[in-house]
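The structure under discussion appears below in the form of structure tokens.
The values are calculated or read from the model by the stated rules, or taken from the named source; none is laboratory data. Small disclaimer: the values here were computed from a predicted structure and weren't measured. Please note: Cβ atoms are built from the backbone with ideal geometry, for glycine as well, and neighbour counts cover all protein chains shown.
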Amino acid sequence: MKLDKPDIFLILVCLASALSGFTILWGSHYFELSLFVSLVLFLLYGCLLFITLTLGIRRFVEFRLHNIFKTVQTPPKLKGKKLTALLTEAEEYVDRLSDKKQQEIKTQKSQDDFRREFIGNLSHELKTPAFSIQGYIESLIDGASEDPEIRQNFLERARRASDRMIQLLEDLDNLTRLENPEISIEIRPFNLTELIQETFESLDWMAREKNISLLLGGEYGPMMVHGDKKRISQVLVNLTKNSILYGIQNGQTKISLTAVEDFLLIEVKDNGIGIDPKHWQRLFERFYRVEQSRNRHEGGTGLGLAIVKHILELHEQTITMRSTVGEGSTFSFCLPRAEKSITLSSKGVPIK
């Protein structure tokens with residue numbers, strides 16, 4: 001075993017102390033010194049032994065602690081501190097290091113669990129429409145194409161399955177872009193009332209299938225806000241889509257606007273089935289659905305609310321939700337208000 005300098009120093013101190021003690025005993029006996037002189041010599045030897053051992057042990061501890069700290073971080077200043085302070089500092093550091101490692105292990109485990117769940121969900125989401133398309137094509141090859149009505153029906157179903165796969169990939173790509181820390185958004189004033197009307201028009205076909213009314217909460221004039229118009233449009237579309245998916249037959253979806261100091265509160269409310277509190281914590285996670293089979297059948301990708309959350313975070317805002325089972329849900333967020341008298345170009349750029 002290789003000895004370090006402090007190890008050798010400590011060994012030499014011990015050997016020197018033992019030799020000194022033996023010398024005092026031999027000298028007292030050889031020179032027939034008095035008891036008083038022998039006691040004085042033993043006291044002096046005891047003091048010398050205490051000092052040398054203290055220095056030796058301190059040097060040994062300092063060197064060992066220096067090597068420990070140097071391995072895991074920039075070594076602190078050890079000189080000038082008491083031995084008990086050195087040991088206390090080492091103990092505290094070991095505790096901090098242990099807590100840090102435990103947290104890192106916990107975080108890594110959480111990330112591994114999320115990664116496994118995400119890959120499993122993605123595989124399932126892509127596999128479902130892919131197998132549907134494969135089944136329809138194989139049926140057509142096996143002879144179903146000879147019947148024009150069956151052929152048209154199968155082709156239409158295959159088209160819907162491919163549309164669903166494309167939508168899933170587009171949403172996933174969009175979410176990946178939003179999670180990029182280097183993404184930038186174009187904050188400009190725009191007319192939110194007008195954007196809501198455009199959202200209603202684009203989703204009118206979807207609402208008519210369940211006879212759901214898309215309504216504004218009042219007779220609003222132009223309501224100007226600051227934000228990325230394209231991204232906020234996506235927020236409104238996703239929230240309105242969700243309200244239709246979870247809506248009841250002959251129900252309604254209402255978007256209300258309320259001025260709150262320098263902000264405009266936007267609330268998207270439906271009178272649908274509502275959301276059980278057990279789902280609230282995971283509602284904005286990727287691929288999480290309140291009703292798995294129902295939403296897959298109706299074509300949701302399970303990424304809409306995750307996209308909403310990330311877009312609003314880019315605007316330094318948050319999405320909130322309140323819901324009652326059997327009565328409906330309300331999703332709310334705020335945007336900074338802009339001046340009503342502002343003039344915009346055709347591209348939405350303010351004209352001074």
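When the residues of segment 177-214 are filtered to those that are hydroxyl-bearing (Ser, Thr, Tyr) and surrounded by 11 or more Cβ atoms within 10 Å (Cβ to Cβ), the one that is farthest from GLU313 (Cα to Cα) is SER213.
Scanning segment 181-222 for residues that are without any contact (Cβ under 8 Å) to a residue 12 or more places away in the chain and more than 15 Å from LEU236 (Cα to Cα) turns up PRO181, GLU182, SER184, TRP205, ARG208, GLU209, GLU219. Checked across segment 158-165, the condition of being polar (S, T, N, Q), in the same structural domain as HIS315 (by TED's automatic domain parsing) and either touching a strand residue (DSSP E or B) at 6+ places or on another chain (Cβ under 7 Å) or assigned to a helix (DSSP H, G or I) (or both) holds for no residue. Highlighted here are the helices (runs of 4 or more DSSP H) found entirely within segment 170-255 that include at least 2 residues which are at negative phi and within 24 Å of the chain's Cα centre (by Cα): 229-245. Applying the set (1) in contact (Cβ under 8 Å) with a residue 12 or more places away in the chain; (2) assigned to a helix (DSSP H, G or I); (3) among the basic types (Lys, Arg) to LYS278 leaves exactly one unmet item: (1).
Rundown of residues vs (1) out of contact with any Gly (no Cβ under 7 Å at 6 or more places or on another chain); (2) small (Gly, Ala, Ser); (3) within 23 Å of LEU175 (Cβ to Cβ), yes/no style:
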{"position": "GLU219", "(1), (2), (3)": "yes, no, no"}
{"position": "ILE232", "(1), (2), (3)": "yes, no, yes"}
{"position": "GLN252", "(1), (2), (3)": "yes, no, no"}
{"position": "VAL260", "(1), (2), (3)": "yes, no, no"}
{"position": "ASN271", "(1), (2), (3)": "no, no, no"}
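Selection of segment 329-348 for residues being surrounded by 12 or more Cβ atoms within 10 Å (Cβ to Cβ) and either modelled with pLDDT under 90 or not assigned by TED's automatic domain parsing to the domain that holds VAL225 (or both) yields ALA338, ILE342, LEU344, GLY348.
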